[in-house]
Amino acid sequence: MEVRAERAGPAVVVHLEGGRLVVEEDTQELRDLVQAVTLVDEGCSVVLDLEKVWQLDCSGIGQLVELGNQVRELGGVFSLVNVGPRPRHLLALLGLLKVLPVFASREEAITASWSARARGGAPLRPRGEAPTLGVRLPMEGGLHLAPAF
């Protein structure tokens, strides 16, 4: 997977060029980039552009949730843009749209980042505390879902 990043106000927009976000090996470069950005600029928001991602499975979703938690712990906002209908449907089925907000455009996501920065950052959770999803997802042995999108 190819990862490209650009600064846009209070956020870094990350473009994924690989077409799929499915296994941990596919996401290593993305994780490294997000970690570097949040270490250099604590409170920086990350907007993940999924326009060229056509396949997303439970491993990829797990990585997105983990990255979102990492960004929020440091006071930033983690959001998704250009999410295709099938991946968006999967996120909705799992109840993750509150944890991984999806915006219609990059501009809306950046505006949300400005708003969060003006409020002093995104709400922080204690380190290691999982977001409240209203459902418990089995983590041991992996999350099992039918076909990858």
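The values are calculated or read from the model by the stated rules, or taken from the named source; none is laboratory data. All of these numbers come straight from a predicted model, not from anything done at the bench. Backbone-built Cβ (ideal geometry, glycine too); neighbour counts: all protein chains shown.
Remarks
- Any chance Ser115 is modelled with pLDDT of 90 or more and within 25 Å of Val40 (Cβ to Cβ): no
- Restricting segment 40-52 to residues that are free of Cβ contacts under 8 Å to residues at least 40 places away in the same chain and under 14 Å from Gly19 (Cα atoms), the residue that is surrounded by the most Cβ atoms within 10 Å (Cβ to Cβ) is Leu48.
- Of all the numbered requirements in (1) free of Cβ contacts under 8 Å to residues at least 60 places away in the same chain; (2) buried (at least 17 other Cβ atoms within 10 Å of the Cβ), Gln55 misses one, and that requirement is (1).
- Tally, over segment 47-87, of residues that are of a type in the set (Ser, Thr, Tyr) and either touching a Cys at 6+ places or on another chain (Cβ under 6 Å) or in a helix (DSSP H, G or I) (or both): 1
- Top-ranked residue in segment 55-83 [being farther than 16 Å from Arg31 by Cα and modelled with pLDDT of 90 or more; ranked as nearest to the chain's Cα centre (by Cα)]: Val81
- Of the residues Val37, Val12, the single one that is part of a strand (DSSP E or B) and surrounded by 14 or more Cβ atoms within 10 Å (Cβ to Cβ) is Val12.
- The set of residues in segment 88-112 that are more than 16 Å from Val47 (Cβ to Cβ) and part of a helix (DSSP H, G or I) comprises His89, Leu90, Ala92, Leu93.
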